[in-house]
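Chemist: Below: one structure in structure tokens.
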Amino acid sequence: MIYRPTNSGGINDIRCYLKIEDMEGNDVTQTAANVWYSWYDTFKTIHTYEKQPYLSGGMIMHIFFNPGTYRLTFYTPLDRQNAYDTSLPHTGQEWTSNTYIYNTEDKQLKAIFVSPVANENGFYTGGWHIDYRAPKYYIYTKPYRIYE
């Protein structure tokens, strides 16, 4: 399960899209897993994606992987960054996440979290952070901060 907690403002409406690669670097997003989604407040009501798996603020992605080890990343293409809120940063490049290595043999892991990235002042900088730990604020999340 991958959870994207609710954030502030228009960042909730900006989608981050899932990419799954095998360990050889092949894109296996459509073949490595079955993916459904739900909303945090209606967790037990499952929906199917019509095209590409994505997350918005408050969404939970349910993934059932084929056995193996995979590289998970999230991205937002340039043309989909400011579709809802022009006050958010437009970086001139695709927003991408760190790479998260997931092994289906790891039975300990129950959830992965995706959060937007911000600078030390709390302003969104464009990008996503994947972690196995819940953000500091679980239901309403402050952005993941990168200190440079």
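The values are calculated or read from the model by the stated rules, or taken from the named source; none is laboratory data. Since this is a predicted model, take the numbers as computed values, not measurements. Methodologically, a virtual Cβ is constructed for each residue, glycine included, from the backbone with ideal geometry; neighbour enumeration extends over all protein chains shown. Accessible surface areas use protein heavy atoms only, side chains included; no ligands, DNA or RNA. Shrake-Rupley method; radii C 1.70, N 1.55, O 1.52, S 1.80 Å.
Chemist: For segment 1-37, what are the residues that are touching a Gly at 6+ places or on another chain (Cβ under 8 Å), open to solvent by less than 10 Å² (accessible area, probe 1.4 Å) and not polar (S, T, N, Q)?
Modeler: Those that are touching a Gly at 6+ places or on another chain (Cβ under 8 Å), open to solvent by less than 10 Å² (accessible area, probe 1.4 Å) and not polar (S, T, N, Q): 4, 5, 11, 32.
Chemist: Looking at 40, 70, which one is surrounded by fewer than 16 Cβ atoms within 10 Å (Cβ to Cβ), of a type in the set (Ser, Thr, Tyr) and on the phi < 0 side of the Ramachandran plot?
Modeler: 40 is the lone residue from the list that is surrounded by fewer than 16 Cβ atoms within 10 Å (Cβ to Cβ), of a type in the set (Ser, Thr, Tyr) and on the phi < 0 side of the Ramachandran plot.
Chemist: While we're here: Taking the stated definitions as given, is residue 48 open to solvent by 60 Å² or more (accessible area, probe 1.4 Å), more than 19 Å from residue 102 (Cβ to Cβ) and touching a strand residue (DSSP E or B) at 6+ places or on another chain (Cβ under 9 Å)? Spell out how you get there, then give the answer.
Modeler: On the way: open to solvent by 60 Å² or more (accessible area, probe 1.4 Å): yes; more than 19 Å from residue 102 (Cβ to Cβ): yes; touching a strand residue (DSSP E or B) at 6+ places or on another chain (Cβ under 9 Å): yes.
Yes: the conditions hold for residue 48.
Chemist: Pairs needed: first member in segment 37-51, under 20 Å from residue 113 (Cα atoms) and of a type outside the set (A, V, I, L, M); second member anywhere, open to solvent by 90 Å² or more (accessible area, probe 1.4 Å) and assigned to a loop (DSSP other than H, G, I, E, B); C-beta distance under 8 Å; at least 6 residues apart or different chains.
Modeler: Every condition considered, the pairs that remain are 38/44; 40/139.
Chemist: Specify the residue that is surrounded by the fewest Cβ atoms within 10 Å (Cβ to Cβ); the eligible residues are those in segment 123-148 that are modelled with pLDDT of 70 or more and part of a strand (DSSP E or B).
Modeler: The extreme case among them is 131.
Chemist: Further question on the same structure: So, residue 58, is that one surrounded by 13 or more Cβ atoms within 10 Å (Cβ to Cβ) and touching a helix residue (DSSP H, G or I) at 6+ places or on another chain (Cβ under 6 Å) or not?
Modeler: So residue 58 fits the description; yes.
Chemist: Going by the conditions given, is residue 120 at pLDDT below 75, open to solvent by 80 Å² or more (accessible area, probe 1.4 Å) and either closer than 26 Å to residue 22 by Cβ or of a type in the set (Asp, Glu) (or both)?
Modeler: On the way: at pLDDT below 75: no; open to solvent by 80 Å² or more (accessible area, probe 1.4 Å): yes; either closer than 26 Å to residue 22 by Cβ or of a type in the set (Asp, Glu) (or both): yes.
Against the criterion (at pLDDT below 75, open to solvent by 80 Å² or more (accessible area, probe 1.4 Å) and either closer than 26 Å to residue 22 by Cβ or of a type in the set (Asp, Glu) (or both)), residue 120 does not qualify.
Chemist: Would you be able to tell me the number of residues in segment 95-114 that are more than 13 Å from residue 18 (Cα to Cα), of a type in the set (S, T, N, Q) and part of a strand (DSSP E or B)?
Modeler: 1
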